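The values are calculated or read from the model by the stated rules, or taken from the named source; none is laboratory data. Computed from a predicted structure; not experimentally measured. So basically every Cβ, Gly included, is an ideal-geometry build from the backbone, and we count neighbours across all protein chains shown. Quick note on the areas: whole protein, heavy atoms, side chains included, nothing else; ligands and nucleic acids left out. Shrake-Rupley method; radii C 1.70, N 1.55, O 1.52, S 1.80 Å.
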Amino acid sequence: MPHRGRLNILVDLLKYPARALFHKLQGNAEFPDGLPASGDVVSHISNTSSLSYGSDGALKVTMLPNPSHLEAVNPVVSGYGRARQMYLYDHNTDPACALGDRLVGVQLHGDAAFTGQGVVMETLGLSNLPHFSLGGTVHIIVNNQIGFTTPMTNARSTLYTSDVGKMVNTPVIHVNGDYPDEVARAMRVAFEYRRRFRKDVVIDLITFRRWGHNELDEPSLTQPRMYDIIRARESIPQLYERRMLADNVLSEAEARDARAAFAGYLEDELAASKDYDPQAPQLKGKWAGMVVATEAAAHVDTGVALDTLRAVGERSVAVGDGFKVHQRLAKRHIQPRLKQLAKGDGIDWATAEALAFGSLLGEGYNIRLCGQDVGRGTFSQRHAMFVCQDTENVCVPLNDGGAEGHGKIEVVNSNLSELAVLGFEYGVSIQSPATLPIWEAQFGDFNNTAQVIIDTYIASGETKWLLQSGLTMLLPHGYDGAGPEHSSSRMERFLQLCNTPMDVSRAAQNPNMHVAAPTTPAQIFHLLRRQMKRPYRKPLVVAGPKTILRLAAATSSLAEMGPGTSFQPVLADAAAAAASPASVRRVVLVAGKLYYDLAKARSEMDPEAAARVALLRVEELCPFPARELQAELARFPGAAEVV
C-alpha cells in the first residue's frame, strides 16, 4: 500500500508496536546500532504479524516495504506472493494446494496513481500469465477523488478510476466509504470472487481526504468548494458511532470508554518509546542460514567435479524419444556441445551457463530464469528449452533426470515489460535464499525502463530495509564497445548506484551490489554459482556479451571450472608475464569485449613492440579489485604507463 493510512493500518491492524512507531517519529533508527543499514522514512516501514480471528490457525499478514514511487511495490508484492506459494507447494504443506489456496495478494491504491502510473497496467498484464499468476489479487482503490491538488477531471481520461482494470476483465465493486457495513460486504464479495475464480478483482472505495496532502497542507488553496463540503461533514467514525448508538449496538459510555482506552494506550506507548530497544528483523525463518556480508565470507570455491560437469552438460541437451528437435539446433547446438564436453576444451558461453545452472540444480537450489525470449536467448545461443517440431510441446532438459532433492529451473519467457517484470523478480528474490532469480533484458539498454526498481529496490533495499536479494541482472550486448546508438546498458549508471568509497584500496569489498563484465565462459560460470554459494545474497549486474558468445578466442576448458577454481576479479596477461615481464612498458586495463580486439591488434604488431604491452582484464567493476590489480602490476616492474 502507499503512504496514506499506512501507519494506522500498521498499528491498528498489523499490530506494529506503537512504541516502535513513536521511537522512529522521534528521529531514532528502526534498527539496532551496528547494522549496515540507514533505515527509511516512517511512511515506508513494514511489518509481519500473525492475526487470530477465532479459526484453528493464525493468519499471517506481511506488508512489504515500499519506496516513494507510487505503485512500484505492486509487482514486488506479486513476485513475493508467487514465490511464497511455490515454496508452499514444493514443500508439500498441502498436496491438494492449488494456486491461490494458501495465499492472497492485497494491493491498496490511490485513485490518481491507479490511473496515472503505468506499472499498474504492467502488473495487471502479468496477472493471468503462466509463471506470474498469483491466483487472483484483491485491489482496493482508496478513491479520495483528488491527487495531491489535481482534481479527478484532470487526473484521468476514463469515467471511473477503476477502468484500467477492464484490460483484464476484472469485476469492479463501487462502494461508499461512508457506510462501513457496506464496505465490509463489498470486501466479502471480492474475496469470495477471487477464491472461486482465481482472478483479480477491484474495489472502488469512494471516500474523501479530510486533510491536505499532509498535516501541514491547506487543501482549500486549490479546492475551496470541495473542502467547504468536507469540513461541513461529520467524519466517518463519527457517522458510524452515531448509527450504532441509534441502533443500540453501542452505548455512549462504551464509546467514551473505547476512545479513552485507546488514547491511554497511545500515551503509555509514547512513554515506553523513550526506552524502546529495536530488534533486528532480518535473517530469520528461511533466511536463518544467511549472514551479514563480510569480506571473509565473500571468497568461496565455486568449482565442480569434472565428471559432474560432463554429466550436467550432456543432460542439458538430452530429449526423450519421439521429441523432434529442429535440425539446425541438432547440428549447431547439440552436437557441438557434446563435442566440447568430450574434449574438455573449447567450452562456449552458453555451455558454461548451462553447466552453472545444472550444477546448482544438482545441489538442490532452484533457478528462475525470466525475461523476454530467455528460453532461446536474444542471440539464439542459450536454448534452455526445446520446442518439438511436430507438436510444439516444450522440453526443459535440465529439469529431467535429476535425483531426489534436485532443484528445478523455471524458464519464463515474459511479456514485453521491464518495470513490472523486474519488480516481480525482485519480489521473488527476497522471499527465499534458495532460489537464484535471474532477469535477462532482451538487450542491455532495456533496463532503462525499469530504473525505478533498480534505484529504489535493487540498489538500496538492503540498506533501507535489511532485505537481502540475490537477484541477477543479465544485460546482453550490455557493453561491447558500441557507440551510444547501439545497445549499451550504461554501466556507469550502475556504478554510480554502488556504495563503495572513492578510496577503493581501503574499502571493505562488500558493496550494496556487484557489477561485472566477464570475458570468458568460465568467469560467467563462477559468477552464477557464486551468487548461491556465498552465505549471503547480493544483487549482481552482468554486462553480457554478444560477440564473445561465439568467438573462438573466448572459450574455456572444463579444468577452469573444476575443483579449486573460482571467479577472478582480474584476469592476468599470462602471455606477457611468461614471455618477458621486464620488457613491458605499458599496462592496459580493459573490460569486456575490447580485450579481444586489443589482443588481436597486439598479435599483429612487431614482436618487440608487442612485448612492451600487457593487457589486464578487469572482470569485476564493483567492488573495484584494487588489491588484485596492484598484485598484477607488481609483475611488470618496468612499466612506465598504466592506461
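Condition check ((1) over 18 Å from residue 413 (Cβ atoms); (2) open to solvent by 40 Å² or more (accessible area, probe 1.4 Å); (3) not in a loop (DSSP other than H, G, I, E, B)) across all residues:
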residue	(1), (2), (3)
303	yes, no, no
314	yes, yes, yes
318	yes, yes, no
337	yes, no, yes
353	no, no, yes
357	no, no, yes
369	no, no, yes
383	no, no, no
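On the given criteria, is residue 266 touching a residue at least 12 places away in the same chain (Cβ under 8 Å) and either touching a Leu at 6+ places or on another chain (Cβ under 6 Å) or part of a helix (DSSP H, G or I) (or both)? Yes. In the stretch 161-171, the condition of being touching a Phe, Trp or Tyr at 6+ places or on another chain (Cβ under 8 Å), farther than 28 Å from residue 415 by Cα, open to solvent by less than 60 Å² (accessible area, probe 1.4 Å) and of a type outside the set (Val, Ile, Thr) is met by no residue. The single residue among 632, 604 that is more than 25 Å from residue 510 (Cα to Cα) and acidic (Asp, Glu) turns out to be 604. For the stretch 269-288, the criterion of being open to solvent by 40 Å² or more (accessible area, probe 1.4 Å), within 30 Å of residue 513 (Cα to Cα) and not in a loop (DSSP other than H, G, I, E, B) is satisfied by at least one residue.
Taking the stretch 29-68 as the search range and keeping residues that are polar (S, T, N, Q) and in a loop (DSSP other than H, G, I, E, B), which one is least open to solvent (accessible area, probe 1.4 Å)?
Looking at residues that are polar (S, T, N, Q) and in a loop (DSSP other than H, G, I, E, B), I get 66.
Going by the conditions given, is residue 254 over 24 Å from residue 7 (Cβ atoms), in a helix (DSSP H, G or I) and either modelled with pLDDT under 95 or touching a strand residue (DSSP E or B) at 6+ places or on another chain (Cβ under 6 Å) (or both)? No, not satisfied.
The residues of the stretch 555-604 that are touching a Ser or Thr at 6+ places or on another chain (Cβ under 7 Å), modelled with pLDDT of 95 or more and among the small types (Gly, Ala, Ser), listed by number, are 556, 566. Of note, residue 422 satisfies the criterion of being within 17 Å of the chain's Cα centre (by Cα), assigned to a helix (DSSP H, G or I) and within 18 Å of residue 531 (Cα to Cα). Of the listed requirements (1) hydrophobic (A, V, I, L, M, F, W, C); (2) open to solvent by 40 Å² or more (accessible area, probe 1.4 Å); (3) outside any loop (DSSP other than H, G, I, E, B), residue 138 misses just one: (2). Close contacts from the stretch 526-540, counting a first residue that is closer than 15 Å to residue 301 by Cβ and a second that is at pLDDT 95 or above and among the basic types (Lys, Arg), with Cβ to Cβ under 9 Å and a gap of 6+ residues or different chains, come to 531/537; 531/538. For residue 296, the conditions (1) over 30 Å from residue 565 (Cβ atoms); (2) part of a helix (DSSP H, G or I) all hold with the exception of (1).
Which members of the stretch 1-28 meet the condition of being closer than 19 Å to residue 105 by Cβ and either in a helix (DSSP H, G or I) or among the aromatic types (Phe, Trp, Tyr) (or both)? Scanning the stretch 1-28 gives 6, 9, 10, 13. Exactly one residue among 586, 602 is more than 26 Å from residue 526 (Cα to Cα) and open to solvent by 70 Å² or more (accessible area, probe 1.4 Å), and that residue is 586.
Taken over the stretch 180-202, the criterion of being closer than 22 Å to residue 133 by Cβ and charged (D, E, K, R) is satisfied by 192, 194, 195, 196, 198, 199, 200.
Residue count for the stretch 527-553, restricted to those that are out of contact with any Gly (no Cβ under 8 Å at 6 or more places or on another chain), buried (at least 20 other Cβ atoms within 10 Å of the Cβ) and at pLDDT 95 or above: 5. Here residue 401 fulfils each of the conditions (1) open to solvent by 30 Å² or more (accessible area, probe 1.4 Å); (2) among the small types (Gly, Ala, Ser); (3) under 26 Å from the mean Cα position of the chain (by Cα) apart from (3). For the stretch 441-466, a tally of residues being over 22 Å from residue 67 (Cα atoms) and either among the aliphatic types (A, V, I, L, M) or open to solvent by less than 10 Å² (accessible area, probe 1.4 Å) (or both) returns 2.
Among the residues making up the stretch 87-103, those that are within 16 Å of residue 137 (Cα to Cα) and open to solvent by less than 60 Å² (accessible area, probe 1.4 Å) are 98, 100, 103. Can you tell which of 511, 484, 521, 501 is open to solvent by 50 Å² or more (accessible area, probe 1.4 Å) and either at pLDDT 95 or above or within 17 Å of residue 620 (Cβ to Cβ) (or both)? Every option except 501 fails the conditions.
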